[in-house]
Amino acid sequence: MKKFLLYFIIGLALFGLPFIAYTSEEYRGAKKCKVCHIKIYKTWKETPHATAFDALNPGVKPEAKKKAGLDPQKDYTTDAQCVRCHTTGDSTLFPGIQCEACHGPGKQYSSAKIMNKKKWKSDPEAYRKMAIEAGLVLAPDEKNCTSCHNEKSPTYKPFDFKARYEEIKHKKK
Ligand code: HEC
Ligand code: HEC
Ligand code: HEC
Ligand code: HEC
């Protein structure tokens, strides 16, 4: 049994890390989206999603943690359980709930070949379709939200999609 565990850990060290690096490579991070979507970026910055990773630091939101049976002094920033829902793409390279947590990993669709102002304007339907084929989620729905807003969250609050959506939606330009 001990031997099995050892091999398992060695296996994880050898093959687990490259796997994680590969998946996070599909993401670009909110700063890249910001270059072209500055107004949306600014309204997103004001939502609790932008700072969702901070909650995992020791001493942050002690009351909420105590109520949920968590240790307010513990550092949860490396706890895989918590990281999964408090980052984008399960990677601390992208802390918080960034654009791509809702719109899908953006390396392909956000390339200048697709998200190009001039080209897109010339044929919006065609370019929108291309972006969707490259992984863009145009309007994430309730299922996207409840992949994190569910009972596995230690601080779970019942999730009413319409009401909660109003709180985080992008403001119009
Ligand atoms: C090089 C500039 C550029 C970058 C970088 C970029 N976008 Fe875009 N994006 C555009 C343009 C131009 C459009 C076309 C519609 C418009 O003008 O808003 C667009 C369209 C979109 C749409 C669809 C809007 C519609 O009308 O159908 C979404 C959603 C989107 N981008 C999200 C993102 C996300 C998320 C990222 C980061 C991963 C990103 N974009 C990065 C320029 C960019
Ligand atoms: C919590 C989920 C969520 C996050 C995070 C998020 N979006 Fe969105 N986004 C949506 C939803 C839902 C819509 C469709 C309805 C709407 O327009 O509000 C949308 C629409 C859009 C559109 C097209 C409509 C428009 O208003 O022009 C663009 C472009 C866009 N998002 C870019 C971004 C960028 C850039 C970021 C990061 C700075 C981001 N989004 C973060 C959920 C999200
Ligand atoms: C990747 C996980 C994830 C996704 C996907 C996600 N959220 Fe969140 N959301 C969080 C976390 C974590 C927080 C807590 C942030 C904090 O308080 O530090 C949060 C906070 C919020 C809040 C602030 C109020 C509260 O409940 O504490 C609203 C409103 C919200 N989310 C709405 C949405 C909506 C609507 C969607 C889908 C369009 C969505 N979220 C998708 C993880 C997520
Ligand atoms: C299944 C996804 C998920 C997991 C796992 C998760 N969280 Fe969260 N967390 C959320 C969401 C969603 C919110 C927003 C409030 C809620 O739960 O509805 C949140 C909110 C929080 C808050 C703020 C609560 C408040 O009232 O302001 C803290 C603190 C927090 N989480 C800490 C943690 C810690 C520590 C862990 C690991 C032990 C963890 N979370 C694991 C999804 C998750």
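The values are calculated or read from the model by the stated rules, or taken from the named source; none is laboratory data. Remember, predicted model here, so these are calculated numbers, not experimental data. Heads up, the Cβs are rebuilt from the backbone with ideal geometry, glycines too, and the neighbour counts pull from every protein chain shown. Just so you know, the surface numbers come from the protein's heavy atoms only, side chains and all, with ligands and any DNA or RNA stripped out. Shrake-Rupley method; radii C 1.70, N 1.55, O 1.52, S 1.80 Å.
General remarks:
- Only protein heavy atoms count here; under a 1.4 Å probe, SER147 has an accessible surface of about 70 Å².
- For segment 128-138, putting each phi into the Karplus relation 6.51 cos²θ - 1.76 cosθ + 1.60 with θ = phi - 60° gives couplings of 4, 5, 4, 5, 5, 5, 8, x, 6, 9, 5 Hz, in residue order, rounded to whole numbers and with x for Gly and Pro.
- With 10 Å bins beginning at zero, the pair-distance distribution over Cα atoms of segment 102-172 amounts to 18, 36, 28, 15, 3 %.
- Calculated FRET efficiency for the pair ASP90/VAL137, C-beta based, R₀ 22 Å, to 0.05: 0.85
- Shape annotation for the chain: C-alpha extents along the principal axes are 61, 40, 25 Å, from largest to smallest.
- Distant alpha-carbon pairs in segment 134-173 (separation over 14 angstrom), percent: 55 percent
- Added length on full extension, which subtracts the Cα-Cα distance from 0.36 nm per residue, PHE159 to GLU25: 45.1 nm
- Peptide ranges 123-130, 30-37, 102-109 listed from the most packed, as the mean C-beta count within 10 angstrom indicates: 102-109, 30-37, 123-130
- Take the Cα of LYS74, step 7 Å toward its Cβ, do the same at VAL35, and the gap between the two points is 4.0 nm.
- Amide proton proximity set for THR88, modelled H, under 5 Å, gap of 5+: PHE94, GLY96, GLN98
- Restricting the calculation to alpha carbons of segment 39-89 gives Rg and Dmax of 12.3, 38 angstrom.
- Projected label distance in nm at ARG128 and ALA112, using a 7 Å step from Cα toward the beta-carbon: 2.5 nm
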